[in-house]
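The values are calculated or read from the model by the stated rules, or taken from the named source; none is laboratory data. In this text, all values refer to a predicted model and were calculated from it rather than measured experimentally. Because the Cβ atoms are built from the backbone with ideal geometry, glycine has one as well, and the counts that use them run over all protein chains shown.
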Amino acid sequence: MGNSHLSRRGFITAVGATGAATVADFTPLPSLANTAQPVEQLNPDRQIKIVSTNDLDKDVQQKIKTVARNIDLQIVNDNSSAALEDAEVVIGDVNASMLQRAKKLKWVQVMHAGVENMPKEVIAHPLVLTNMQKIFSPVIAEQAIALLLSLTRGLVQLAIPSFEKKQWKRNPSDGTVMEDLYNKTIGIVGMGGIGSDTARRLHYGFNMRVLATDAKPMHKPAFVEELHDPGWFMEMVPQVDVLMSAAPLTKETREMFNEEAFGKMKRTAYFINVSRGGLVKNAALVDALKNKKIRGAGLDVATPEPLPPDHEFWTCPNLVITAHNSTEAASRDVRMNALLVENVRRYSLGLPLMNVVDKEKGY
């Protein structure tokens, strides 16, 4: 299922993209460019040297080696390995010192989605960078909904504390309100994989009205009522019962969820963040929770990570935190490996790569 899903998305992206940062016309085999020359007629002596700094499973290594006859894959545990000197492709993160050694490097495939911490040398380098965007989104969407439901259904405030005390408490005694999501409105910042998958589930599963913003020009999905550019953010905030962060961390989005944003939210609204902790101004969220400016919040990410024991988040009412583990699921590895193998296949044939990152924008 993973391979067919990725291939379908790749086909749609390649056909429908108009210069977006999702595919690249990247031709590592010039002899194949703009021709119908079959793979069998390529020079069998021409090798694509790939170095992986990730310890890939044996079956994944075998799949990579068999997508084309000219793949030379090496797994290295040392970033100063001599294998980097001839590497045309690196699977894994690359730092400045590795770039100095890898003079032939053309493509880097990282095994995560966020690239906000990539070195400036990588940004300046002509290499093509691809990531794992949208691969983690199905399970992160489930985590976002789990965080939200744990608040709206009183699991955090009532059920879990009562369980620990072995108490049967039917109703909250602290004024906690238990409510439903039916016909409520969610505002999502970032309609990439995570935002879209969450919106789809909440609209069709809970009959929620979806409003959203995104920095990229994109077609409005049928399950979204309104989709605008980021300039609409402050207009959207007061309208929603749930405000969700699903945007990448960039200089434009850093601490965008601040005093002004939380101040414009309904006092009955919830905030969910499953993207990056840096999008939130911590002191503003603490103030909003402790002074009941919002009803509750659910976080899978924070700044710093790990969250120290003396951090004020631990003392906030109606706050639930998971330890940035929303990507954990066996199925995500299947999707990751499927995309990796597919991209190697595309590279070997000179086809557009999937999940190309705009290094200047950071996503």
Any hit, the stretch 196-211, residues being surrounded by 14 or more Cβ atoms within 10 Å (Cβ to Cβ) and touching a Ser or Thr at 6+ places or on another chain (Cβ under 6 Å): yes
Test: LEU289 is part of a helix (DSSP H, G or I), crowded, with 20+ Cβ neighbours inside 10 Å and touching a Cys at 6+ places or on another chain (Cβ under 7 Å): yes
Listing of helices (runs of 4 or more DSSP H) fully contained in the stretch 160-247 that carry 1 or more residues being more than 23 Å from VAL280 (Cβ to Cβ): 160-165, 193-206
Residue that is surrounded by the fewest Cβ atoms within 10 Å (Cβ to Cβ) [pool: residues in the stretch 328-363 that are over 27 Å from ARG69 (Cβ atoms) and in contact with a helix residue (DSSP H, G or I) (Cβ under 6 Å, 6 or more places away or on another chain)]: ALA329
Residue in the stretch 179-189 that is assigned by TED's automatic domain parsing to the domain that holds SER245 and of a type in the set (S, T, N, Q) present: yes
Inter-residue pairs, beta-carbon under 6 Å, first more than 19 Å from LEU105 (Cα to Cα) and in the stretch 49-67, second in a helix (DSSP H, G or I) and of a type in the set (Lys, Arg), 6+ apart: VAL67/ARG345
Criterion violated by VAL90 - all others in (1) buried (at least 17 other Cβ atoms within 10 Å of the Cβ); (2) in contact with a Leu (Cβ under 7 Å, 6 or more places away or on another chain); (3) within 23 Å of LYS251 (Cα to Cα) satisfied: (3)
